[in-house]
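**Student:** First, the structure itself, so that you have it in front of you.
The values are calculated or read from the model by the stated rules, or taken from the named source; none is laboratory data. This one's a predicted model, so the numbers in the text were calculated from it and none came from an experiment. Cβ placement follows ideal geometry from the backbone for every residue including glycine, while neighbour counts extend to all protein chains displayed.
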Amino acid sequence: MDNSNFHVNVRDTINSGQIFLWENYKDVWFVINGQNVIVMRQNPSEILKLSDETKKFFRNDDDFKEIVRSISRDKIVKNAVKHYPGLRITRQEPFQCYISFIISANSNIPNIRLGLQKLCRKFGAKTYVEKREFFVFPTPQILARATMSDLLGCGLGYRAKYVKSASHAVVSEEIDFDYLKKTKYQIAKESLLKIPGIGGKVADCILLFSLEKLEAFPLDTWMTKIMQKYYSNKFSIGKNTITKKRYERIHQEVIDYFGNFAGYSQQFLFKMERDLNEKKWL
C-alpha cells in the first residue's frame, strides 16, 4: 500500500475534541469506531502502519490541497494550518458519534470520555486487539433496550434519557444515517434537531464528524469566544445566549465567509485556540 501521500498527525487530530474513545500507548493509538478498533502507529515523523479503514477514518479521499487553498484565504486559518499541517477531520461511525455528542452536552472531555467508556464496558462487546482488551461501541438496539437504571449507572445523568430515546429513533428509522449522509445539510440538520438532547452545536458536530457535511461549523462556547476575538468585525456574534434562529443566521454568515469547507476552518481554529490556552486533553 502506498502511504506516501498520506500526511496526518494522529495526536493532533485525536487531541482536538472530535472523538473520545481512544487509548494511546507510546507510538500506538487504538480508536474505537463503532464495532471496530482502528490501530495506528505513528512515530514523531510518520505513520508507520495504515489500513484502508484508517485512511477512510482520516478522510484521505478529501482533496486536502484544495481544502487548504480554499480555507487559507483567511489569514488566521492560514496561520492555524501552518501550525497543525497534519490535523484532519475524522469520518466516524455515525451512531457512536451521534451518542457521543449527545453525552457531550454541557460537559468536559474527561467526563465525556469516562461516561462513554462506562457505556462501552456495560453494553459493548469485548474484543482483543494486539493482546489488549477493548469494548466496542454498543449497537442502537442494545441501548434502546437498556434500562434507565443501567444508563444512569454509567454516569450520564440527565443525558441518560436522551441516549435511550435517540437510540430508539435509530432503531425505528426515524433517524437514517445513510439518508442523512446523502441529503442536503439543512435537511439533515433539521432531522437531527427533532431528537431530544440535540441542539445546533451537537447536530453540527454529528454532521461534520460522521455525516459528510463539511460545511457544518459547530458553535460552542469556545468557538463563540474565537469568533468574538478574531472576527468581531465580520460576524455579529454578540455575548448573549445564541438562540436557534441566531445560530442559523451566524452559521450562514460563516458559510458565506469561509465557504463549503467551513468545518475544516472551525477545526483548525478550535485546535489552535485551545492549545494557546493550554487546554491539554491527553
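**Student:** Return the residues of the range 129-175 that are touching a Ser or Thr at 6+ places or on another chain (Cβ under 6 Å), part of a helix (DSSP H, G or I) and not small (G, A, S); say none if nothing qualifies.
**Tutor:** Those that are touching a Ser or Thr at 6+ places or on another chain (Cβ under 6 Å), part of a helix (DSSP H, G or I) and not small (G, A, S): P140, L143.
**Student:** Say we look at the range 26-51 and pick out the residues that are in a loop (DSSP other than H, G, I, E, B) and at pLDDT 90 or above; which of these is farthest from V10 (Cα to Cα)?
**Tutor:** Within the range 26-51, the match that is farthest from V10 (Cα to Cα) is Q35.
**Student:** Let me ask something else about it. If the Cβ limit is 6 Å and pairs must be 6+ apart or interchain, which residue in the range 124-147 that is within 26 Å of S165 (Cα to Cα) pairs with which residue that is in a helix (DSSP H, G or I) and of a type in the set (V, I, T)?
**Tutor:** P140/V170; P140/V171; Q141/V171; A144/V171
**Student:** Now for a separate question. Does the range 5-22 contain any residue that is part of a strand (DSSP E or B) and modelled with pLDDT of 85 or more?
**Tutor:** Yes, some residue in the range 5-22 is part of a strand (DSSP E or B) and modelled with pLDDT of 85 or more.
**Student:** Let me ask something additional. Taking the conditions exactly as written (within 13 Å of the chain's Cα centre (by Cα) and not in a strand (DSSP E or B)), does I67 satisfy them or not?
**Tutor:** No, not satisfied.
**Student:** Okay, next question. Can you report the number of residues in the range 152-179 which are in contact (Cβ under 8 Å) with a residue 24 or more places away in the chain and within 24 Å of N106 (Cβ to Cβ)?
**Tutor:** The qualifying residues number 15.
**Student:** Now for a different question. If the requirement is being assigned by TED's automatic domain parsing to the domain that holds I112, buried (at least 18 other Cβ atoms within 10 Å of the Cβ), of a type in the set (D, E, K, R) and in contact with a helix residue (DSSP H, G or I) (Cβ under 9 Å, 6 or more places away or on another chain), which of these qualifies: K189, K161?
**Tutor:** The conditions single out K189.
**Student:** For the subset of the range 73-112 comprising residues that are at pLDDT 95 or above and out of contact with any helix residue (DSSP H, G or I) (no Cβ under 9 Å at 6 or more places or on another chain), which member is surrounded by the fewest Cβ atoms within 10 Å (Cβ to Cβ)?
**Tutor:** This residue is K75.
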